[in-house]
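What follows is a single structure, written as structure tokens, with notes after it.
Just so it is clear, none of the values below were taken in a lab; they were calculated from the coordinates. Everything numeric in this text was worked out from a predicted model, so none of it was measured. Reconstructed Cβ throughout: ideal geometry from the backbone, glycine too, with neighbour counts over all protein chains shown.
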Amino acid sequence: SAGGASGGGVRFELEKETELRFEVEAGEKVQLELLSGLAEVFGSELTRNKKYTFGSGSKIAVFTWHSCSVSLTGKTEVAYVSRDTPMLLYLNTHAALEQMRQQAERDNERGPRVMVVGPTDVGKSTVCRLLLNYAVRLGRRPTLVELDVGQSGVSVPGTVSALCIERPADVEEGFSVQAPLVYHFGSTSPGTNIKLYNKLTSCLAEVFSQRCEVNRKASVGGCVINTCGWVKGSGYQALVHCASAFEVDVVLVLDQERLYNELKRDLPHFVKVVLLPKSGGVVERNKDCRREARDEKIREYFYGFRGVSFYPHAFDVRFSDVRIYKIGAPSIPDSCLPLGMSQDDTQLKLVPVTPGRDLTHHVLSVSCAEDEGAEAGASGPAAQRRGILESPVCGFIVVTAVDTQAQVMTVLSPAPRPLPRHTLLIMDIRFIDLK
Ligand code: ADP
């Protein structure tokens, strides 16, 4: 219930197992303060009398297991208390996963590998964050695997990644992303190149398994995999592929019985498939909202996030100093493929890009692939060239201008010149730098 003002804010008294949901108005900021009791935001505990600021468009739930009073200052689009939340079910899910970790510890086995699936806007990312927070608060070291190329919580859009979680997410900023392992996908929908998407999923699974072999805590902690909201056709096949690549033990299906039944039918019987309701608090985001969120993520990469400002560099790069590739040749009918070539080959092919004006505003991934390797690959056999697909990314740049006369392009880069590597992979994604 909303009550009197406190320091200009609106005060809410929350009973146990209820949550305060609010949305920040566009262009506004809202401050949240815990006045008494205990409360958490998506599994991260609030500190009493600390002011948390949420920016334009944020959609937040403050949940309490006990009871609490909080205050909100600033313009909210909506702010209401709900008693009807699936949090108890989510907590039980966490408890079951924790039991699996304890058992793994006892039996010298590996901990649970969990895949979270469902259509868009059912709270998949939020459930991942919750489960990871609860695990890390118990001293576990789970890994977040981010396969949502549209709305990545870890890196810029158009990438897949993995991140070891070592502390709970910051209430305002989410998980600290210090050394994520990131791979270039290049677009915001897995459907643009499903072969590449599945290949990168396999790469991440392999790297994660290797880490588990040498790091017992990582192995026991297991992983939580966030997936895309595309759950039909090839999107569904990609989920099945992911389950097998990671050898997942548990699949949490949010809000879609049909998907639940399909996965139960198609995954091996030892995989526990669990249907969970979505929270009524999850807000649907339209196309514009998603585009803005993506843009914001790229802006943060270059300019930092609220408290922390970064100062990106602008410099010229000579065409002759870099090799730019696009992954995947346009697909052609099977009947037209050269003898001995399959559709896989075209989707995983590195196609050299001749720099031109149309590069402007594109985001480019700087591949970690060794430069010599790239050179050999450019003229060498396809197998060698694939090294680039499977190499992680060491950073991103944006092309801000192209001078075809002088054969140079101007780029925005988080680090000063020179580029750390010279193999660049082009994304479909554009970013217009307004600073
Ligand atoms: P998905 O990953 O399925 O697309 P998200 O987890 O990103 O969905 O949730 C969509 C939006 O809803 C996010 O902005 C998130 O902060 C918000 N949200 C999630 N759960 C709640 C809740 N209980 N109350 C209010 N907002 C919520």
ask   = So V145 fits all but one of (1) within 14 Å of T201 (Cα to Cα); (2) free of Cβ contacts under 8 Å to residues at least 60 places away in the same chain; (3) aliphatic (A, V, I, L, M); what number is the exception?
value = (2)
request  = Scan region 409-435 and report the pairs whose first residue is acidic (D, E) and whose second residue is assigned to a loop (DSSP other than H, G, I, E, B), with Cβ atoms within less than 7 Å and a gap of 6+ or a chain change.
outcome  = D428/G186; D428/S187
message = Give all pairs with beta carbons closer than 9 Å in which a residue from region 264-290 that is without any contact (Cβ under 8 Å) to a residue 12 or more places away in the chain and under 26 Å from L91 (Cα atoms) meets a residue that is assigned to a helix (DSSP H, G or I) and more than 8 Å from the ligand (Cβ to nearest atom); count only pairs at least 6 apart in sequence or on separate chains.
response = P268/A243; P268/S244
ask   = Looking at this structure, is A61 touching a residue at least 60 places away in the same chain (Cβ under 8 Å), more than 16 Å from the ligand (Cβ to nearest atom) and either buried (at least 17 other Cβ atoms within 10 Å of the Cβ) or among the basic types (K, R) (or both)?
value = no
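Considering each of L130, L97, L88 in turn, give the residue that is in contact (Cβ under 8 Å) with a residue 12 or more places away in the chain and more than 26 Å from A205 (Cβ to Cβ).
Working: L130 fails: more than 26 Å from A205 (Cβ to Cβ); L97 fails: more than 26 Å from A205 (Cβ to Cβ).
On inspection, the qualifying residue turns out to be L88.
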request  = Spot the failing condition for R48; the list is (1) surrounded by fewer than 21 Cβ atoms within 10 Å (Cβ to Cβ); (2) in contact (Cβ under 8 Å) with a residue 24 or more places away in the chain, and only one is missed.
outcome  = (2)
message = With of a type in the set (G, A, S) and away from the ligand (no atom under 11 Å from the Cβ) as the only criterion, which of A79, A135 stands out?
response = A135
task = Please note which strands (runs of 3 or more DSSP E) are completely contained in region 110-213 and include at least 3 residues that are out of contact with any Phe, Trp or Tyr (no Cβ under 8 Å at 6 or more places or on another chain) and surrounded by 21 or more Cβ atoms within 10 Å (Cβ to Cβ).
result = 113-117, 181-184
request  = Go through R306, R318 for me and flag whichever is surrounded by fewer than 13 Cβ atoms within 10 Å (Cβ to Cβ), under 29 Å from F54 (Cβ atoms) and in contact (Cβ under 8 Å) with a residue 60 or more places away in the chain.
outcome  = R306
